[in-house]
1. Looking at (1) assigned by TED's automatic domain parsing to the domain that holds residue 130; (2) at pLDDT 90 or above; (3) out of contact with any helix residue (DSSP H, G or I) (no Cβ under 7 Å at 6 or more places or on another chain); (4) not in a loop (DSSP other than H, G, I, E, B), which one does residue 95 not meet, given that it meets all the others?
2. How many residues are assigned to a helix (DSSP H, G or I) and surrounded by 14 or more Cβ atoms within 10 Å (Cβ to Cβ) if we restrict to region 72-84?
3. Tell me which residues, restricted to region 27-71, are under 18 Å from the mean Cα position of the chain (by Cα) and part of a strand (DSSP E or B).
4. Among residues belonging to region 41-56 that are within 20 Å of residue 130 (Cβ to Cβ) and either in contact with a helix residue (DSSP H, G or I) (Cβ under 8 Å, 6 or more places away or on another chain) or at pLDDT 95 or above (or both), point out the one that is surrounded by the fewest Cβ atoms within 10 Å (Cβ to Cβ).
5. Test of understanding: among 103, 116, which residue is surrounded by 14 or more Cβ atoms within 10 Å (Cβ to Cβ), in contact (Cβ under 8 Å) with a residue 40 or more places away in the chain and either assigned to a strand (DSSP E or B) or not assigned by TED's automatic domain parsing to the domain that holds residue 65 (or both)?
6. With the requirement that a residue be touching a strand residue (DSSP E or B) at 6+ places or on another chain (Cβ under 9 Å) and under 23 Å from residue 114 (Cα atoms), what does region 37-58 give you?
């Protein structure tokens with residue numbers, strides 16, 4: 001820390017204590033150059049986790065928004081809230097593990113859709129209908145047909161006897 005009186009860069013800490021607000025530490029320092037004392041305050045600078053929306057704008061990650069979307073998609077479905085919380089926890093962990101503290105909402109949405117698809121098809125379709133922003137009924141029907149096709153077991157091919 002640079003001395004505010006003489007600009008010397010070396011000092012020693014004489015006293016440390018928690019500040020009155022409890023969110024910072026007050027340190028009493030003595031300059032090793034001029035011997036004068038000064039006070040500094042230390043606090044943790046928390047950088048929020050961000051999501052990058054489809055339009056390029058950024059906003060603070062909000063786990064409650066993820067949970068609200070999951071609850072809306074799973075409304076009146078036989079899905080335990082703990083299962084939805086597991087999905088929200090996974091999303092939150094992905095955001096926290098992101099190297100640059102940002103995650104595109106497309107990644108968030110894909111993870112939610114993947115998890116809902118394996119959990120409950122109706123909840124998946126509900127979420128997909130909002131998330132994928134279908135332009136028309138045809139696009140929605142195509143998604144439904146793909147879902148039905150992926151659910152049906154492969155047909156057995158009969159071998160002919162010769």
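The values are calculated or read from the model by the stated rules, or taken from the named source; none is laboratory data. The model shown is predicted, which means the values in this text are computed figures rather than measured ones. Heads up, the Cβs are rebuilt from the backbone with ideal geometry, glycines too, and the neighbour counts pull from every protein chain shown.
1. Of the numbered conditions (1) assigned by TED's automatic domain parsing to the domain that holds residue 130; (2) at pLDDT 90 or above; (3) out of contact with any helix residue (DSSP H, G or I) (no Cβ under 7 Å at 6 or more places or on another chain); (4) not in a loop (DSSP other than H, G, I, E, B), the odd one out for residue 95 is (2).
2. Step one: filter region 72-84 for residues assigned to a helix (DSSP H, G or I), giving 72-73, 81-84.
From the residues that got through so far, the ones that are surrounded by 14 or more Cβ atoms within 10 Å (Cβ to Cβ) too are 73, 83-84.
Going through region 72-84 one residue at a time, the tally reaches 3.
3. We begin by selecting, within region 27-71, every residue under 18 Å from the mean Cα position of the chain (by Cα); these are 46-71.
Within region 27-71, 50, 51, 52, 58, 59, 60 meet the criteria.
4. Going through the qualifying residues, I end up with 54.
5. Details: 116 fails: either assigned to a strand (DSSP E or B) or not assigned by TED's automatic domain parsing to the domain that holds residue 65 (or both).
After ruling out the rest, the residue left standing is 103.
6. Narrowing region 37-58 to residues touching a strand residue (DSSP E or B) at 6+ places or on another chain (Cβ under 9 Å): 37-44, 48-54, 58.
Scanning region 37-58 gives 49, 50, 51, 52, 53, 54.
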